[in-house]
Structure formats: C-alpha cells, structure tokens
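Quick notes on the structure that follows.
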Amino acid sequence: MRPRLLFCWMIGFSLLFSIATDVSGMEKLDRGLVALQREDGSVFLSWRLLADDPPDMAFTVMRVPDGLSVPSQWTNLTKVEPCRRTCFVDMEREGAVQRAGYALYRFSKDRDLKESEKLDFVGVFPNPYVSIPLKGDYDFQKVGIADLDGDGKYEFIIKQPNFNTDPYQQPGYWKRSTTTYKLEAYRLDGTMMWRYDMGWAIEAGIWYSPWIVYDVDGDGKAEIYCKAGEGDPREETGQVKTGPEYLVKIDGETGKVVAKTEWLSREGFSSYNYYCRNFLTVAYLDGSKPSLIMQRGTYNLIKMQALDKDFKRIWYWESTQEKEKYRSQSAHGLITADVDRDGRDELVIGSAVLDDNGKGLWTSELGHPDVCYVADIDPDNPGLEIFYGIEPRRQTDAICVLDAKTGRKLWTHKEPTRHVHGQGMVGDILADSPGMEVFAGERDLKKRWLYSAKGKLIEFHESGSLSPRAVWWDADPQKEVVVSGAVRDWGKDPIQTIKGSVIAVVDCLGDYREEVITSLKGELRIYTSMIPASDRRVCLMQDHQYRLGVVAQTMGYYYPAQLGK
C-alpha cells in the first residue's frame with residue numbers, strides 16, 4: 001500500500017488514537033509518528049514524548065503487514081521490553097516499503113495503561129523526507145504549522161508564491177507585484193484543505209502581508225489571522241496607499257473569513273516606506289489566555305495594539321508615549337517571551353521591550369536590530385538574554401548580549417560597524433564552549449563573527465552565510481547548522497544533504513529533534529533526522545516560548561524559535 005493510500009487507511013483508526021494534552025494548556029498533540037526508509041533498507045521510526053507523560057512511559061512498536069488489520073497478526077518489535085526511547089530502527093524489514101506500516105502503543109506501570117491503547121499508525125516514506133505535493137508549479141515563502149481540525153495532527157499552511165518586494169524606495173528594492181499572495185492549507189498526506197486569496201489590496205511583500213496561525217479562540221482548532229483590504233486600490237505605480245485595512249480571522253477548516261476588525265491606521269507616518277511595515281503575533285498577556293498583537297512601523301513611529309479573541313482592545317501603545325526613547329527601536333519581527341519571569345508574556349519589539357500591560361519595560365536605545373534572539377544564552381546569568389546585531393552604523397556595541405529582564409549589557413562588540421545584516425544565529429553548536437554561541441556579520445564589509453556566550457571571539461570569517469540555521473539533528477547535546485545545502489556540524493562535512501530553499505527549522509514530527517522544511521517548485525519537503533538517539537526529551541512545541549516563536553515565523557524576517565527554559 002502506498003504512503004498516501006496508507007494515510008487514508010489511518011483515518012479509520014483515528015477514533016482509537018489517544019491524544020495527549022499539553023499541560024501548559026496551549027494545544028493537544030498526537031505522537032507525530034513518522035517512518036522513513038534508510039539507504040540500507042531498514043526503517044527509522046520516531047515519535048513525540050509529551051509533557052504529561054509519566055516518568056516511566058515506554059512504547060510498544062508493531063509492524064503491520066499490508067492488509068492485516070487484525071492486531072494479533074502484527075509483529076511486536078519490542079516484545080522483549082517496551083522502548084523507553086522515542087525512536088526505533090526496524091532492521092529486519094522485508095519486502096517493499098509500500099507494503100507495511102507501523103503502530104505505536106504506550107506502556108506505563110504508573111497509569112496502568114494497556115497495550116490496547118494505540119497511539120498512532122503510519123505508512124513508510126521511501127525517502128529521507130516527507131513530501132507534500134502542492135496544487136501548482138510554484139514555490140512558497142512562509143509556512144505555518146498548527147492543528148486546524150482538532151485531531152492532534154499538525155497541518156501545514158503556506159503563503160505562495162515566493163515573491164517579495166520591499167517598500168524602501170530605492171532601485172532594486174521595491175518591485176511591482178505580479179500576482180496576489182495565496183494562503184493554502186495541506187494535511188501531511190498531501191490533501192489540500194483550502195486556498196485563500198489575499199487580493200490586490202495586499203502587495204506581495206512580507207511587510208504588507210503579516211499572517212499567523214494559532215488557536216486564539218480556544219476551541220481546540222487553530223485559525224488564521226492576517227492583514228486584509230478591499231478590492232483593487234493600487235495606484236498606477238502598483239502601490240497601495242489608500243483604502244480600508246483590516247485584521248481578518250479565517251476558519252482553519254474551511255479557509256473562510258469569519259470575523260474582521262480595523263488594522264492600525266496609516267496616520268502619523270511620514271511616508272509609504274514607513275507605514276508599510278506590519279507585524280502580527282500572539283502573547284499570553286495575563287498568563288492564561290492568548291491575545292493577538294498587531295504592530296505597524298519599524299524605523300520611526302511604532303504603533304501596537306493588543307486584542308482578545310473577540311477583537312476587543314486590551315491596550316494600545318505608541319512609541320511617542322515613551323518620550324521618544326522607543327522610537328525606531330523595532331526589529332524585523334516580534335518575539336514573545338516572559339523576560340521578567342512573572343508568568344505573563346512581554347513583547348520584545350527589537351532593542352526595547354514592552355511589558356504585558358502595554359507599557360515600556362526598558363529600551364537600550366541601540367537602534368533597529370536586524371539580528372534579534374531571546375534565549376538562555378549564558379547559563380551563568382539568571383533568566384533569559386537577548387542577542388542583537390544592530391543595523392545602523394555604530395562605533396561600538398552593534399553586536400551584543402543583554403540581560404532580557406533589565407536591558408543591562410552583559411558584553412558588547414567593540415569594533416566599528418557599518419551595517420550588521422541578515423538574521424544571524426544563536427545556538428549551542430560547540431561542545432567546548434559553555435552556553436550558546438552567537439553569530440552575526442556585515443554584508444558590505446564581508447565580516448562574520450562567532451562569539452561565545454561570554455563574549456569571547458571564537459572565529460572570524462570574511463565570507464559565508466549571514467543566516468545559518470541552528471538545528472537539533474544528531475544524537476549529541478549540541479545543535480548542528482543548516483548551511484550551503486546541508487545539515488552539518490559547525491565547520492564540518494555534510495551529515496544530510498538538503499534540497500530546496502530552507503523555509504523553517506521546527507520540531508513538527510517525531511521526537512524532539514527538529515525538522516528542516518524546504519520549498520521546491522510544486523513541493524513542500526520535510527527533512528527529519530534518521531539518526532538513533534538514546535536520550536528522550538519532551539516535544540519542543542510544548543515549550544511555551546518555542547511554540548509562540550513558531551507562530552511568529554510567518555510574518556517579518558524568519559527567526560528560528562528558541563526555548564524559554
């Protein structure tokens with residue numbers, strides 16, 4: 001049976017699946033079981049450990065021959081002892097990969113679970129990746145990941161095509177849009193659920209078209225939120241400078257607009273270049289319920305508004321309210337993080353932070369950062385830190401790490417810089433350097449710096465990517481990097497070749513190791529590790545900050561999500 005047909009067979013078992021609840025109250029997830037054939041013919045299986053699993057949780061893995069729906073005829077691959085790990089290799093595989101699948105059961109003495117409690121069932125993918133064919137010969141720019149129908153399985157929502165125009169009015173930046181953006185939702189088995197056309201009122205660029213997918217209304221099914229307009233308000237040049245602007249709510253199962261409210265106004269901004277910068281994300285401002293956060297403006301005036309699930313205003317903020325010290329401090333995205341550890345989320349807007357009540361918490365006044373990450377970079381400093389790469393020309397401090405709660409500088413780069421560019425990187429990529437390493441560079445001057453968590457310069461280069469992606473991939477505690485078409489240890493040979501444009505690095509299938517999602521013409525690929533790991537770790541999507549970091553990845557620059565603890 002082919003993988004796609006086998007997924008259809010899975011639907012018949014769906015009512016038997018046990019869906020575990022995320023103890024943080026964010027979402028329900030199944031086990032994300034995935035099976036892929038390796039080069040030697042063996043099959044690698046991987047699945048999720050969930051936050052509410054008992055400490056002794058173990059798993060039984062069953063091989064299911066084609067057509068044998070009676071469990072008594074299945075082969076128990078873990079009959080000697082249930083598997084405590086969250087991956088397994090079937091070395092005794094026989095026959096074509098299309099002719100069998102796998103079932104996963106859970107086992108716990110603490111909870112008196114029985115083997116009849118089946119968790120998941122999958123067919124085998126014959127490649128080192130999962131392929132989702134798109135409904136057309138196009139590639140895509142962004143991917144959102146969420147459960148749209150409440151069955152515990154993630155769907156994949158894309159924005160296509162992969163075209164971008166910047167509102168900056170200089171040759172080579174702004175380009176007239178040649179088509180409209182479309183949002184499309186796909187199941188893992190390749191089924192297309194719906195398509196939503198954003199229309200000509202939304203220009204084809206990331207700053208005009210913020211969108212996110214998350215279950216804000218709390219019904220167990222994620223919905224899509226995006227900026228919208230009406231009709232075709234383009235001027236002769238192709239620019240959209242007038243017309244109504246909205247935030248709309250789109251039903252995740254049907255793709256239909258079910259609610260709308262006004263977007264933040266253009267008033268107060270001096271030019272098209274400035275009012276075209278828009279952002280959207282989610283934060284738990286009261287520590288228990290998700291709220292929507294809208295932003296307009298980056299380089300001078302900044303407007304922000306928090307809304308509840310019914311689009312009622314919680315608070316409104318402008319940079320002018322903070323004695324101009326917050327003006328022009330925005331990054332190219334929004335980061336949600338509980339920086340003061342009070343159980344409520346703050347908004348890291350860039351070189352400044354807003355408290356959960358919509359008041360300024362602190363500003364560094366360093367200016368607009370291209371590079372901005374919030375993580376536990378330095379294990380010796382209590383709480384979280386923020387790594388910055390500041391874009392405007394500076395004599396010093398353009399690359400730095402600050403304490404996230406107070407904005408206090410922990411260390412800074414002391415050389416002059418002209419334009420720190422790209423998304424940079426944070427990640428524990430070197431075993432002999434405690435904490436996370438941080439990376440940033442200059443585009444024009446061809447300078448790249450890798451620093452330790454303490455600010456020690458580890459490496460300096462004059463070439464290479466300005467935005468390598470750190471990823472948990474193999475079986476050691478350090479991250480690898482996705483760069484130059486491959487997953488590799490920092491500075492080493494490839495471990496896994498990657499084809500297509502890297503769109504996201506996220507834990508969306510299998511165990512806690514992250515997947516690499518790429519875009520090819522007419523295809524979404526999900527590369528997942530097939531390296532056995534002896535450790536086990538709760539699914540990263542059940543870390544609050546990581547999950548909301550994934551939400552924010554569909555608007556603005558792409559910044560890989562970071563753990564909050």
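Find all pairs meeting these conditions: Cβ atoms under 6 angstrom apart; at least six residues apart or on different chains; first residue within segment 383-402 and in a loop (DSSP other than H, G, I, E, B); second residue buried (at least 24 other Cβ atoms within 10 Å of the Cβ) and aliphatic (A, V, I, L, M).
Cβ pairs passing all conditions: 384/339; 384/374; 384/404; 391/420; 398/390; 398/420.
Right, residue 211: aromatic (Phe, Trp, Tyr) and either under 24 Å from residue 558 (Cβ atoms) or free of Cβ contacts under 8 Å to residues at least 24 places away in the same chain (or both) or not?
Spelling it out, residue 211 is indeed aromatic (Phe, Trp, Tyr) and either under 24 Å from residue 558 (Cβ atoms) or free of Cβ contacts under 8 Å to residues at least 24 places away in the same chain (or both).
Sort out which residues of segment 45-75 are under 14 Å from residue 121 (Cβ atoms) and charged (D, E, K, R), and write them in order of number.
63, 66
Just a yes or no: is a residue in segment 117-140 in a loop (DSSP other than H, G, I, E, B) and within 29 Å of residue 244 (Cβ to Cβ)?
Within segment 117-140, one or more residues are in a loop (DSSP other than H, G, I, E, B) and within 29 Å of residue 244 (Cβ to Cβ).
Of all residues in segment 417-441, which are of a type in the set (Asp, Glu), out of contact with any Phe, Trp or Tyr (no Cβ under 9 Å at 6 or more places or on another chain) and crowded, with 17+ Cβ neighbours inside 10 Å? Working first, answer last.
From segment 417-441, those of a type in the set (Asp, Glu) are 428, 432, 437; that's our starting set.
In the following step, the residues that additionally are out of contact with any Phe, Trp or Tyr (no Cβ under 9 Å at 6 or more places or on another chain) were identified as 428, 432.
If the condition is that a residue be of a type in the set (Asp, Glu), out of contact with any Phe, Trp or Tyr (no Cβ under 9 Å at 6 or more places or on another chain) and crowded, with 17+ Cβ neighbours inside 10 Å, then 428 is the only one that fits.
Suppose we filter 190, 220 for residues that are part of a loop (DSSP other than H, G, I, E, B), in contact with a Lys or Arg (Cβ under 9 Å, 6 or more places away or on another chain), open to solvent by less than 60 Å² (accessible area, probe 1.4 Å) and over 30 Å from residue 306 (Cα atoms); which single one remains?
Going through 190, 220 in turn, just one is part of a loop (DSSP other than H, G, I, E, B), in contact with a Lys or Arg (Cβ under 9 Å, 6 or more places away or on another chain), open to solvent by less than 60 Å² (accessible area, probe 1.4 Å) and over 30 Å from residue 306 (Cα atoms): 190.
Can you pull out every residue in segment 245-261 that is touching a Lys or Arg at 6+ places or on another chain (Cβ under 8 Å) and either within 17 Å of residue 294 (Cβ to Cβ) or open to solvent by 30 Å² or more (accessible area, probe 1.4 Å) (or both)?
245, 246, 247, 248, 249, 250, 253, 257, 258, 259, 260, listed by residue number.
Check off (1) closer than 30 Å to residue 286 by Cβ; (2) open to solvent by 40 Å² or more (accessible area, probe 1.4 Å); (3) in a loop (DSSP other than H, G, I, E, B); (4) not charged (D, E, K, R) for residue 242 and give me the number that stays unchecked.
(1)
Listed residues 295, 329; which is under 18 Å from residue 369 (Cβ atoms), of a type in the set (S, T, N, Q), free of Cβ contacts under 8 Å to residues at least 40 places away in the same chain and in contact with a Ser or Thr (Cβ under 9 Å, 6 or more places away or on another chain)?
Of 295, 329, the one residue that is under 18 Å from residue 369 (Cβ atoms), of a type in the set (S, T, N, Q), free of Cβ contacts under 8 Å to residues at least 40 places away in the same chain and in contact with a Ser or Thr (Cβ under 9 Å, 6 or more places away or on another chain) is 329.
The values are calculated or read from the model by the stated rules, or taken from the named source; none is laboratory data. Please read all numbers here as calculations on a predicted model, not as lab measurements. Every residue, glycine among them, receives a Cβ derived from its backbone with ideal geometry; neighbour counts consider all protein chains shown. Surface areas here come from the heavy atoms of the whole protein model, side chains and all, with no ligands, DNA or RNA. Shrake-Rupley method; radii C 1.70, N 1.55, O 1.52, S 1.80 Å.
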